[in-house]
1. Averaged per residue, what accessible area in Å² does the range 28-88 show with a 1.4 Å probe, protein chains only?
2. Separation of the range 2-63 and the range 161-226 by C-alpha centroid, Å?
3. Using every Cα-Cα pair within the range 65-182, state what percent have a distance larger than 20 Å.
4. Provide the per residue accessible area, probe 1.4 Å, for the range 174-226, rounded to a whole number of square angstrom.
5. Calculate, axis by axis, the spread of Cα positions in the chain along the three principal axes, and write the results as whole Å, longest axis first.
6. Direction-averaged shadow area of the convex hull around the Cα atoms of the range 46-117, nm²?
7. Over the range 45-88, consider all pairs of different Cα atoms and compute the Kirkwood hydrodynamic radius from their mean reciprocal separation; express it in Å, one decimal.
8. Return, ordered by residue number, the residues of the range 122-141 whose backbone nitrogen is under 18 Å from a label point located 7 Å along Cα→Cβ of MET201.
Amino acid sequence: MSGARRTLVFCTSYCTDREGWRQRERRWLDHHLALPLERDAVFVLDDASPFVPDDADVQVLDALPAALPGGPAAFVYRFATHEGRQGLYGHRGWWRSFLFSLTIARSFGFTRIVHIESDAYLLTRRVVDRINALDDGWTAFWFPAYGVPEPALQVIAADAFDAMAAVAAQGLDVLVQDLAENTLPYTRIERNFSGNRYGEMRGRIPSYADYACQVNVPWLDVRYRG
């Protein structure tokens, strides 16, 4: 691996209270910070939530600094205004947060962006190793129930940053007309791993799953199997 390679891992977020933070964003952080997932910084990109965490290992940012400070395991970047969601397609807050990861990457010299949504979990060493190995293009994993790419789990390498910038240039008013599953310009779809939106579709995560999405209730057990 080149010494110049630097990886940003991030999720998007909106959290109303401490219990919601504990059950979703904090749970996501605890899970993924313990994995052998290559990362140089972890960001939670927050859509102006009313709740602001005060965890000792999390630094809250209201603006991007000139350089990332050392120390905390993760950063929460808070937008000043709330975009939210309107209707089925109107994920304005998600689009803004998702695309802002490119601004962070270019500001601090990251060469890979790994997006793992705040209700998505990596569960096996096999899928972690694959994400660590991806070094080119724009990769999504697979949502088999609907037969579409899974935007909750993506890897965007530096050679696809211009393509991401072109998506951002369309503006939120255009992007919210359709779902990310249908519009993002993926160059690779990983279908050789088991995963689904189990929180939407069933009451448990199967033991063979490499990743799980829409883990949106605290009693859905997520366990990394190494």
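The values are calculated or read from the model by the stated rules, or taken from the named source; none is laboratory data. All of these numbers come straight from a predicted model, not from anything done at the bench. Backbone-built Cβ (ideal geometry, glycine too); neighbour counts: all protein chains shown. The area values use the complete protein model at the heavy-atom level, side chains included, leaving out ligands, DNA and RNA. Shrake-Rupley method; radii C 1.70, N 1.55, O 1.52, S 1.80 Å.
1. Working: 2900 Å² over 61 residues.
Ligands and nucleic acids excluded, the figure is 48 Å² per residue.
2. 17
3. So the portion of pairs separated by more than 20 Å is 49 percent.
4. On the way: 2930 Å² over 53 residues.
I get 55 Å² per residue for the range 174-226.
5. Projected onto its principal axes, the Cα set of the chain covers 43, 42, 38 Å.
6. Working: hull surface 22.4 nm².
Orientation-averaged projected area of the Cα hull: 5.6 nm².
7. 11.8
8. Residues passing the 18 Å test: 122-124, 127, 140-141.
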